[in-house]
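Single-structure report; data block below.
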Amino acid sequence: MKRILVQCGQDQIEVAVMENDRLVEYDSEFRGAEHLAGNMYIGRVVNVLQGMQAAFLDIGLEKNAFLYIDDILPAHLEKHPKQKPLITELVTVGQALLVQVVKEPVGSKGARVTTHYSIPGRWGVYMPRADYVGVSRKIENEAERERLKQAAERQLQPGEGFIARTAAEGISESMITADLDELRRRWQIVEVQSSQQGVVPRKVYTDFGLLPRWIRDVFRDDVGELLVNDKDAHDTIVSLIRQVSPELCGRVRHIPIQTGTLFDRFQANTQLENGFKRKIWLDNGGYVVVDHTEALTVFDVNTGRYTGSIDMEQTAKDTNLLAAKEISRLLRLRDIGGLIIIDFIDMNAAVHRQQVLDTLESEAKRDRTKTVIEGWTRLGLVEMTRKKVRDGKDKITMTRCEVCEGSGWVWNK
């Protein structure tokens, strides 16, 4: 069963998703703070670099935002490099520009922004200037894909775009219409605010906060129950659900906690702590080591205490299959993005290597974040990518050691 836990503290709100009592997703937000991805700003161009085909904008954050040429070009020119103009022909220093954050600041890098605006809703993503209709790849039934596409096309105005989300499978056209009308109304507010005179830079649109975003993106028919420890948060959640899926209101329960926390009751805290360790043990005695670099994340699979009972090939296959499932869970839990390399235990049989890839691909279908599995490299590694929107949860839950600076080693004195 899928269960969502919402734990409200004095300074922080935390959300955990449990699947069959296993922690698979986690998010948190300090009260008064906000995520930046999805927000829109009127920014000021402060630098244009022709050699990089990019510009930097002051949008009011600590670091200037990065705007690449493909994030400002019309879609039909993005795929034709020879037809691309120079970035200096599109923007100039001092120009005010409406942009949307698509990737939050990470490390020393500022936010990445775009002029390809999009506003996500319950059933789809509205793109006011895209002139494109799409359907989530996770909806595999061709008849249903075509039905959703035609339903959206009938409701769109010239120049508008819409992508039906996975959750839209099976819903009526009237529900798509209602969702689209609400998203269009929000965009109209953005247009009005961005056209008005005011200080630059300034924010003109704020994406949903933690609880509304999770209700919009995660709370579906497949969720058996949502438990929350705070009565006010419970009432807020019920109010949000009543607007979009009133039939699901009965699955929300307020659980007063006298001692400990809601997370403690369902062992979420223990699983959260174990899930962020460098060495993750598998059920059969094998283990996975996780290492992060600036460029990529590496998973190293080892047999550990597991010796098997047949031969080394079978031992490797069994451990790798368990590791593939666990790595997929860790990607979601830690919200790891970017380039990912997995060093599985060597296997000689091609059929076993394919089984490991099939397991990764099957588990990736559970992931709400876009994941691309490239397959085995010539060196016997698995290469994959996962869309990176914000810094992984490692940065939220952990602090770099002041002694070894995260290397795991301390100089001998």
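Values quoted throughout were computed directly from the atomic coordinates according to the rules given, and no laboratory measurement underlies them. This structure is a prediction, so every number in the text was calculated from the model and none was measured. As a convention, Cβ positions derive from the backbone with ideal geometry for all residues, glycine included, and neighbour counts pool all protein chains shown.
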Here the FRET efficiency for T115 versus D358, based on Cβ atoms and R0 = 41 Å and rounded to 0.05, is 0.55
Once Lys and Arg are counted +1 and Asp and Glu -1 for all other residues with Cβ under 13 Å from that of A233, the total becomes -2
Taking Cα atoms only, helix 312-334 is inclined relative to the longest principal axis of the chain by an angle, in degrees rounded to 10, of 40 degrees
Longest principal axis of the chain (C-alpha) makes with the long axis of helix 142-155 (C-alpha) an angle, in degrees to the nearest 10, of 30 degrees
Given GluC sites (Glu not before Pro), DSSP loops and at most 11 other Cβ atoms within 10 Å, the longest exposed-site-free stretch of the chain is 141-293
So W281 and W409, fully extended at 0.36 nm per residue minus their Cα-Cα distance, gain in nm 43.9 nm
In the neighbourhood of Q197 defined by beta carbon distances under 15 Å, the net charge of the other residues (Lys, Arg +1; Asp, Glu -1) is +1
The relative contact order of the chain, taking Cα pairs under 8 Å that sit 6 or more residues apart, comes to a percentage of 14 percent
Excluding residues fewer than 8 positions from K387 in its own chain, the aspartates and glutamates with Cα under 13 Å of it are E104, D335, D367
In the list [x] 25.4; [y] 23.8; [z] 21.8, the entry giving Kirkwood radius over Cα pairs in Å computed from the coordinates is [y]
Going residue by residue through the stretch 243-248, the Karplus relation 6.51 cos²θ - 1.76 cosθ + 1.60 with θ = phi - 60° gives ³J(HN,Hα) values, rounded to whole Hz and with x marking Gly or Pro, of 6, 10, 9, x, 5, 9
Among V48, Q7, V17, the residue whose Cα sits farthest towards the positive end of the charge dipole of the stretch 1-55 (+1 at Cβ of Lys and Arg, -1 at Cβ of Asp and Glu, taken about the Cα centre) is V48
Relative contact order in percent for the stretch 50-163 (Cα pairs under 8 Å, 6+ apart) equals 21 percent
Once normalised by the length of the stretch 119-205, the mean sequence separation of its alpha carbon contacts under 8 Å that are 6 or more apart gives a contact order in percent of 36 percent
Per the rule of 0.36 nm per residue minus the C-alpha distance, extending T92 to K370 adds in nm 96.7 nm
Contour minus Cα-Cα span, A143 to S28, at 0.36 nm per residue, comes to 37.6 nm
Taking the dipole of the chain about the Cα centre (Lys, Arg +1; Asp, Glu -1; charges at Cβ), the one of G375, A178, P128 that reaches farthest to the positive side is P128
The farthest towards the positive end of the charge dipole of the stretch 218-369, of the residues G308, T236, T270, given +1 on Cβ of Lys and Arg and -1 on Cβ of Asp and Glu, is T236
